[in-house]
Amino acid sequence: MSTEAETWTTLKVLTWTVGYLTEKGVENARREAEWLLCEATGLDRIGLYLNFDKPLQDGELAAYRSMVARRGKREPLQHILGNQEFDGREFVVTKDVLIPRYDTETLLEEAVRQAPQARTVLDIGTGSGCIAISLAHRLPQAQITAVDLSSDALAIARLNAERNNAAVEFLLGSFFQPVTGRRFDLIVSNPPYITRADLDTLQPEVRDFEPRLALDGGVDGLDAYRALVSEAPGYLEPGGWLLFEIGAGQDKDLAGLLADAGFGAIVTVPDSAGIIRVVGGQWHAV
Ligand code: GLN
């Protein structure tokens, strides 16, 4: 976009941006340009269309330019806008937390299906807090505890709980360490599961901007699952459920880990694309 005295109407700006972002490798450039223009102007999408012929004000144009420059460097749209919708609620996101993914709602659905009466729930690696906070609403009778290794992530999760009126106990620490001696009816986790080799092949938005801690699952992607499955029995009530989100193709490995550790009633659940996204099992009643 040149800075000469030209009239940058909404339509002209939009058209220019679609070309620019497409050239930078951004998919859905039109939609993203519209989102950024809405953010810069305070208009909604209909408002944009009604104002196509109007020039942008200098302040709007300056704000917009800096957002488009960031997006052109493949910074995620959610980092620029500062939030992401998940399970019908808005979550603040920063570089310190994984951006909530639509696929993760599969884990929520299965948790509610298998443990509708849960009184105590634990979310390991809560990140933005999206799973714990959504479960606080879906399982109103339950006391929800959420753990994360990153204090920066926990600060965001606490903010999200406050904004979304959810009472969640947030604890700092590694895996089960902060809940030593306690037992839960339901344990959920969406741990890092990308293999080392795949980390470099991720799209730039993920590879260069999302936290490594949230992504890196070790050489075979299963490091976190192995630790969680082996320790979970010591933290589950009899009959309690352990449910994970997993990456594409990890379902057989996970089902094997759970069976070997003595879990029963093993479930596998596909996401909306038909990929097995959730695997879990029940700790046998005694
Ligand atoms: N629990 C968070 C989520 O599902 C964070 C997961 C992670 O950082 N691996 O979005």
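The values are calculated or read from the model by the stated rules, or taken from the named source; none is laboratory data. Predicted model, so just to flag it, every value in this text is computed and none were measured. FYI the Cβ positions are ideal-geometry reconstructions off the backbone, even for glycines, and counts take in every protein chain you see.
Observations
- Among the candidates Ala166, Ala157, residue that is touching a strand residue (DSSP E or B) at 6+ places or on another chain (Cβ under 8 Å), at pLDDT 95 or above, over 21 Å from Tyr235 (Cα atoms) and surrounded by 24 or more Cβ atoms within 10 Å (Cβ to Cβ): Ala157
Quick grid of which residues meet (1) under 30 Å from Phe244 (Cβ atoms); (2) among the small types (Gly, Ala, Ser); (3) more than 20 Å from the chain's Cα centre (by Cα); (4) within 16 Å of the ligand (Cβ to nearest atom):
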position: Ala29; (1), (2), (3), (4): no, yes, yes, no
position: Ile46; (1), (2), (3), (4): no, no, yes, no
position: Asn51; (1), (2), (3), (4): no, no, yes, no
position: Pro55; (1), (2), (3), (4): no, no, yes, no
position: Tyr64; (1), (2), (3), (4): no, no, yes, no
position: Leu77; (1), (2), (3), (4): yes, no, no, no
position: Leu81; (1), (2), (3), (4): yes, no, no, no
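- Being more than 16 Å from the ligand (Cβ to nearest atom), among the hydrophobic types (A, V, I, L, M, F, W, C) and under 21 Å from Phe176 (Cβ atoms) is a property that holds for Leu257.
- Scan of segment 21-34 for residues that are in contact with a helix residue (DSSP H, G or I) (Cβ under 7 Å, 6 or more places away or on another chain) and surrounded by fewer than 17 Cβ atoms within 10 Å (Cβ to Cβ), ordered by number: Thr22, Lys24, Arg30
- Looking only at segment 96-123, and only at residues there that are under 12 Å from the mean Cα position of the chain (by Cα) and of a type in the set (D, E, K, R), the one that is farthest from Asp185 (Cα to Cα): Asp96
- Condition broken by Leu242, with the remaining ones in (1) assigned to a helix (DSSP H, G or I); (2) of a type outside the set (D, E, K, R); (3) closer than 18 Å to Ile131 by Cα satisfied: (1)
- Selection within segment 208-236 - surrounded by fewer than 17 Cβ atoms within 10 Å (Cβ to Cβ) and either polar (S, T, N, Q) or more than 15 Å from the ligand (Cβ to nearest atom) (or both): Asp208, Val219, Asp220, Arg226, Ser230, Glu231, Pro233, Gly234
- Filter result for the condition that a residue is in a loop (DSSP other than H, G, I, E, B), surrounded by 13 or more Cβ atoms within 10 Å (Cβ to Cβ) and among the polar types (S, T, N, Q), over Thr104, Thr94: Thr94
- For segment 63-89, filtering for residues that are surrounded by 19 or more Cβ atoms within 10 Å (Cβ to Cβ) and either in a helix (DSSP H, G or I) or on the phi > 0 side of the Ramachandran plot (or both) leaves 7.
- The listed residues are Ala166, Ala157, Ala161, and the only one of them that is in a loop (DSSP other than H, G, I, E, B), within 16 Å of the ligand (Cβ to nearest atom) and not basic (Lys, Arg) turns out to be Ala166.
- Of the residues making up segment 46-79, those that are at pLDDT 95 or above and basic (Lys, Arg) are Arg65, Arg70, Arg71, Lys73, Arg74.
- Total residues in segment 124-139 satisfying the condition of being surrounded by fewer than 24 Cβ atoms within 10 Å (Cβ to Cβ) and within 13 Å of the chain's Cα centre (by Cα): the figure is 1.
- Only listed residue being among the aliphatic types (A, V, I, L, M) and without any contact (Cβ under 8 Å) to a residue 60 or more places away in the chain, chosen from Ala166, Ala157: Ala166
- Condition broken by Gly127, with the remaining ones in (1) in a loop (DSSP other than H, G, I, E, B); (2) more than 13 Å from the ligand (Cβ to nearest atom) satisfied: (2)
- Residues being among the small types (Gly, Ala, Ser), more than 14 Å from the ligand (Cβ to nearest atom) and outside any loop (DSSP other than H, G, I, E, B) - total across segment 169-194: 0
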